[in-house]
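*Asks:* Sharing a structure with you now.
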Amino acid sequence: MSLPNAILRLSTDVLADINDDERLAFAYAHGPALSGYGEDAELVCVWETESVPDDASDEAVHLTVARFQSLLEVLDGGEGWREPGDEALRVISRFAEGILLADDSELGSRARAEVTEFPQTLADAAREAVASEAEAVAKRLGDAEDPWELAETLTSGLHRAYVALFAAGGHFFPGREHRVEAVQRHLLGDEVPEAEAAVWAAAEAPRPERAERLPEAWRNLAKTVLDNC
């Protein structure tokens, strides 16, 4: 099977200049180009050094083996996923969905084997978070008058809901970008995206109507997620 053009470019134009460096442990690419819902891709290089080399290419993202392994361990312990910006989930989900392009050390293959066994501690913690926070989030959404508070509550709540949904299917949530396509790709059904759309519709209603509709829309989303976990 031929690789997408974006991946080929990274492999032949960028990684070719890096691959002979003995300090490189492994390299992988990820992005929508691999999944068929976009053209973008990113190269990640993982180094067997104490810190990222000063001369590392600015056309790739760089991590050390120690940092990469620590992020794996964080997720295995059921942490590192609760907020949209959490590095552990962001890095490891992209690795899990990506493709190895270099792996002379075989550390990449070992890490790939690790991520195929989804951490049950994470799945359990994510489901519990959605269940235990449902009423508190509904209340905050109903009471919110400041648009910033409303947006933060929705963003963090939806993030945890999708983490739980993907975890129940044995997948790391790849992030809000292309989440609907990712749900379709992993055959997780249309119920959650439809429930999310209802949440956004309620959030856009005028303030008195929003205070009534949004909490119920959130409760329905939480229930839909939990029913699919």
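Quick note: the coordinates plus some simple rules give every number you see, no bench work behind them. The structure presented is a predicted model; accordingly, all values stated were derived computationally and were not measured. Methodologically, a virtual Cβ is constructed for each residue, glycine included, from the backbone with ideal geometry; neighbour enumeration extends over all protein chains shown.
*Asks:* Any idea what angle helix 87-97 forms with the longest principal axis of the chain, computed on alpha-carbon atoms, 0 to 90 degrees, nearest 10?
*Replies:* 70
*Asks:* Moving on to the next point. Determine, from the Cβ-Cβ distance of A66 and T155 and an R0 of 35 Å, the FRET efficiency 1/(1 + (r/R0)^6), rounded to the nearest 0.05.
*Replies:* Taking R0 as 35 Å, the efficiency between A66 and T155 is 0.70.
*Asks:* Something else now. What ranking do F172, F118 get, fewest neighbouring Cβ atoms within 10 angstrom at the top?
*Replies:* Starting with the residue having the fewest Cβ neighbours, the order is F118, F172.
*Asks:* For I18, I99, what's the fewest-to-most ordering of other Cβ within 10 Å of each Cβ?
*Replies:* I99, I18
*Asks:* A further question follows. Between L221, S57, S11, whose Cα lies farthest towards the positive end of the dipole of the chain when Lys and Arg beta carbons carry +1 and Asp and Glu beta carbons carry -1, centred on the Cα centre?
*Replies:* Working it through, the farthest residue towards the positive pole turns out to be L221.
*Asks:* Please tell me the relative contact order of the chain in percent, rounded to the nearest whole number, where contacts are Cα pairs under 8 Å and at least six residues apart.
*Replies:* Across the chain, relative contact order equals 18 percent.
*Asks:* Determine the shape class of the stretch 185-229: with a ≥ b ≥ c the square roots of the Cα gyration tensor eigenvalues, call it rounded for a/c under 1.5, and otherwise prolate if a/b is greater than b/c, oblate otherwise.
*Replies:* Oblate is the answer for the stretch 185-229, as a/c is 1.5 or above yet b/c matches or exceeds a/b.
*Asks:* Enumerate the residues in the stretch 35-55 having an amide nitrogen under 18 Å from the point lying 7 Å beyond the Cα of Q184 toward its Cβ.
*Replies:* Of the residues in the stretch 35-55, 35-40 have backbone N under 18 Å from the label point off Q184.
*Asks:* Ok, one more. For the chain, what is the mean residue ellipticity at 222 nm derived from helices alone (per DSSP H run of n ≥ 4: -39500 (n - 2.57); sum divided by total residues; nearest 500 deg cm²/dmol)?
*Replies:* It comes out at -18000 deg cm²/dmol, rounded to the nearest 500.
*Asks:* In debye to the nearest 20, how big a dipole does the chain give about its Cα centre with +1 on each Lys and Arg Cβ and -1 on each Asp and Glu Cβ?
*Replies:* 880
*Asks:* With +1 assigned to the C-beta of every Lys and Arg and -1 to the C-beta of every Asp and Glu, and no other charges, what is the dipole magnitude of the stretch 45-157 about the Cα centre in debye, to the nearest 20?
*Replies:* Rounded to the nearest 20 debye, it is 380 debye.
*Asks:* Tell me whether the stretch 5-116 comes out rounded, prolate or oblate; compute the Cα gyration tensor, take square roots of the eigenvalues as a ≥ b ≥ c, and use a/c under 1.5 as the rounded threshold.
*Replies:* Oblate is the answer for the stretch 5-116, as a/c is 1.5 or above yet b/c matches or exceeds a/b.
*Asks:* Any chance you could give the angle, 0 to 90 degrees and rounded to 10, that helix 65-76 forms with the longest Cα principal axis of the chain?
*Replies:* 30
*Asks:* Right, another one. Gaussian network model of the chain, Cα springs within a sub-10 Å range: biggest mean-square fluctuation belongs to which of P174, P32, P206?
*Replies:* Ranking P174, P32, P206 by mean-square fluctuation puts P206 first.
*Asks:* Something else: As a test of the definition: which semi-axes, in Å, follow for the chain when you take the square root of five times each eigenvalue of its alpha carbon gyration tensor? Largest first, please.
*Replies:* Semi-axis lengths for the chain are 37, 18, 16 Å.
*Asks:* GNM on the chain, C-alpha springs below 10 Å: top fluctuator among G31, G108, G85?
*Replies:* G85
*Asks:* Then there's this: Distance between Cα centroids, the stretch 205-221 to the stretch 93-167: provide it in whole Å.
*Replies:* So the separation of the two Cα centres works out to 24 Å.
*Asks:* Taking the Cα atoms only, what angle lies between the long axis of helix 120-143 and the longest principal axis of the chain, rounded to 10 degrees?
*Replies:* The helix 120-143 is inclined about 40 degrees to the chain.
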